[in-house]
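*Asks:* The following block contains the structure, expressed as structure tokens.
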Amino acid sequence: ATAGSNEKDVRNSFDDNELSEWKNDGRISSGWIKYELEHDATISEIDLKLTGWRMRSYPIQIFVGDTKVWEGETPKSLGYIHIPVKPTSGRFVTIKLTGASEEKDAFGGIVEVAAKTASELDLYKDPDAANANGQLRIVEAEFYTK
């Protein structure tokens, strides 16, 4: 994978470790990451776990090759979001931030019972989370074919 910034950390977005993440440097212009698949594939669904999943919506575009397959605000969630796309063939998948993220708790203060880690990737307890509007932060990205 390559990215608009912090390329040394891009592997964190597909390492199967939900305590790590890739993030850009906070500028919308560097808020993109491009994944090279092992071979051409027909992508039909994209699953993402984005940092701040319960409080933050990211305005993004997703491309397979040069074809835009999705655009919109990511939904807030309690973990992974699933984005079905028109099956599109390509070797590269790009996720691009298109504007500032929106910050608001979507779950009315519901908290997990499990103890939090030092990482706090859901940003629920991070007092500076609302000030990071130009960041794209990906915990995990997965691409599926039918």
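*Asks:* R0 = 25 Å: FRET efficiency of ARG27 with LYS146, Cβ-based, nearest 0.05? Don't skip to the answer; put the middle values down first.
*Replies:* On the way: r = 36 Å, r/R0 = 1.44.
The formula returns an efficiency of 0.10 here.
*Asks:* Please go through the residue pairs LYS8/LYS76; LYS34/LYS68; LYS8/LYS34 and name each one whose alpha carbons sit more than 19 Å apart in this structure.
*Replies:* Beyond 19 Å between Cα atoms: LYS8/LYS76.
*Asks:* Next question, about the same structure. Local charge sum around GLU142 (other residues, Cβ-Cβ under 11 Å, Lys/Arg +1, Asp/Glu -1)?
*Replies:* -3
*Asks:* I would also like to ask the following. Please give me, ordered by residue number, the GluC sites (Glu not before Pro) of the stretch 6-56 that lie in loop per DSSP and have at most 14 other Cβ atoms within 10 Å.
*Replies:* Sites meeting the loop and neighbour criteria: GLU18.
Coordinate-derived values only; no laboratory data. Note that the structure is predicted; figures quoted are calculated from it, not measured. As a convention, Cβ positions derive from the backbone with ideal geometry for all residues, glycine included, and neighbour counts pool all protein chains shown.
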